[in-house]
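Laboratory data are not the source of any read-out in this text; all were calculated from the coordinates shown. As the structure is a prediction and not an experimental result, all values here were calculated from the model. Glycine also receives a Cβ, built like all others from the backbone with ideal geometry; neighbour counts cover every protein chain displayed.
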Amino acid sequence: MRLAVLIPAHNEAKTVGEIVREAKRHADLVLVVDDGSTDETGTIARKAGAKVVRNERNMGLGVALRKGFREALKYEWDVIVTLDADGQHDPKEIPKLVKEIEKGAEVVIGERDLSSYPFVKRLGNFFLNILTNFLAGTNIGDTESGFRALRRDALELMLPEMRARHYEVASEMILLIGKHRLKYANVGVSSPIYVKGVTIVDGVKNFLYILRRRNLRTRDYVRGLLLLPKLFLRKLMRSSSKTRGHPRTCRCC
C-alpha cells in the first residue's frame, strides 16, 4: 500500500525537519505546504526530504490542506496521512492509522490523549466534539484532531466540497464523512506536547461555521441523537482504558 503524508506548516522551522525525517520512514511521499512562513520552514522541510509547495502569505489551515491535497493527487498513492508540523502528532504512530485502513476503514481519526491539556481546552474540545458528531451523525472520539488517514477515493469524494479556510476544516471534514456515510475508525494516539494556537474565538468561529455547513435532513438529526449515548459511552471507556493502560481503538461506520 503506497502512502503519502501531508504536513501543513506555518513558522515551524524548529520542528518541521524532524517531523519530515520521521514521516519519511513510513511514507513514499512527504509533502509540506509552507503556509506563508516568515522563517526557514520551507527550506528545512525540503532539506529533510519533503516536497514543498508554498503559499506566499498565510492563508489558513483549511486553504493549506486543500492546496496540499490537490498537489498530492498528482502523485500515485493509496492512503494519505495528515499531521501537524509542530510536534503534537508523533509520526511514529502513522502505522497505527494505516493499519485501520488495511482493515477496511475509509477514514481514520487519531484520537488524542488530552489529559495534560488545560481544563478550558479540554472542555471546549468536549462540547465541540458533541456538536460536530450530532450534526454529522457520527461517533468520532476527537473531531478536532488533525492526525488522520484517508483512502484516495475518500479524499477525491470529499475534496470538491471542502470550503473552510481555517481551523474549522477539521469539523467540516467530519460533516462530509457523515454526509457520504464513509466507513471510519477511531485510533488512540499520544499527544506529546500541548501547543498553543487554537483560541476560544477560533472555537466559536468553528461552532458557527459547522452550523452553517450542516445542511442535514431530519433523519440525520435523529441519527445524531441516537449516537449521542454511544459517544458518551466511548468517552467513559476511553477514560477507563487510559487508567488501565490499554490501547484505545474503536472501529465505527
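For segment 83-145, the list of trypsin sites (Lys or Arg not before Pro) that fall in a loop by DSSP and count at most 14 other C-beta atoms within 10 angstrom reads 103. In this simple spin-label approximation, residue 181 and residue 115 carry label points 7 Å from Cα along the Cα→Cβ vector, and these lie 3.8 nm apart.
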